[in-house]
Amino acid sequence: MAYTYDDQNIFAKILRGEIPNDTVLETDHSLAFNDIRPQAPIHVLVIPKGAYVNYDDFARNASDAEILDFTRAIGEVCKIKGVETDGFRAISNAGQHGVQEVPHLHIHILGGRPLGRMLQQG
Ligand code: 5GP
């Protein structure tokens, strides 16, 4: 499936500097910032600067340099936020079943408290 990217999504606006963000890390190809509605004491969103709808789109279509940068950025965010010892959860929601709100790839990095089981029943 080819994805159609909506360049009016909120993260595209953040990348263009049209709305502010609370930056944790910026690299050549990636940006990490605090979620505006944190669901844990640590809740960072890591996004590629390129126009990718979700993880599937990115994994298949991004360049090696983008994938390397993005993966390293996630590692660096974990280090900056100090979640290596107590642990964290990395989540990427996609599409309707994944209940994705913003159609630009983002990895949620959650931590700072016990997070419970990954999925609830039902
Ligand atoms: P999704 O449901 O798409 O996986 O998650 C989207 C996330 O983006 C949500 O956790 C939501 O709180 C966050 N979010 C939505 N709008 C903004 C915004 O303008 N700024 C920031 N920093 N986070 C946002």
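Counting only residues that are farther than 21 Å from Gly111 by Cβ, within 14 Å of the ligand (Cβ to nearest atom) and of a type in the set (D, E, K, R), which one in the stretch 1-37 is farthest from the chain's Cα centre (by Cα)?
For the stretch 1-37, the residue satisfying everything is Glu18.
For Lys49, state whether it is more than 16 Å from the ligand (Cβ to nearest atom) and either among the aliphatic types (A, V, I, L, M) or modelled with pLDDT of 95 or more (or both).
no
Restricting the search to the stretch 102-122, which residues are within 25 Å of Asp28 (Cα to Cα) and not β-branched (Val, Ile, Thr)?
Passing the criteria: Pro103, His104, Leu105, His106, His108, Leu110.
Residue by residue through the stretch 56-68, note down the ones that are surrounded by fewer than 18 Cβ atoms within 10 Å (Cβ to Cβ) and closer than 22 Å to Leu110 by Cα.
Asp56, Ala59, Ile67, Leu68
Hey, could you check the stretch 76-99 for residues that are acidic (Asp, Glu) and more than 16 Å from His43 (Cβ to Cβ) and say which is nearest to the ligand (Cβ to nearest atom)?
Per the stated criteria, the residue is Glu76.
Which condition number does Ile80 fail, the rest of (1) surrounded by 11 or more Cβ atoms within 10 Å (Cβ to Cβ); (2) under 29 Å from Met1 (Cβ atoms) being met?
In the conditions (1) surrounded by 11 or more Cβ atoms within 10 Å (Cβ to Cβ); (2) under 29 Å from Met1 (Cβ atoms), Ile80 misses (2) alone.
The values are calculated or read from the model by the stated rules, or taken from the named source; none is laboratory data. Computed from a prediction, not measured in an experiment: that's the story for all the values here. Virtual Cβ from ideal backbone geometry, glycine too; neighbours counted across all protein chains shown.
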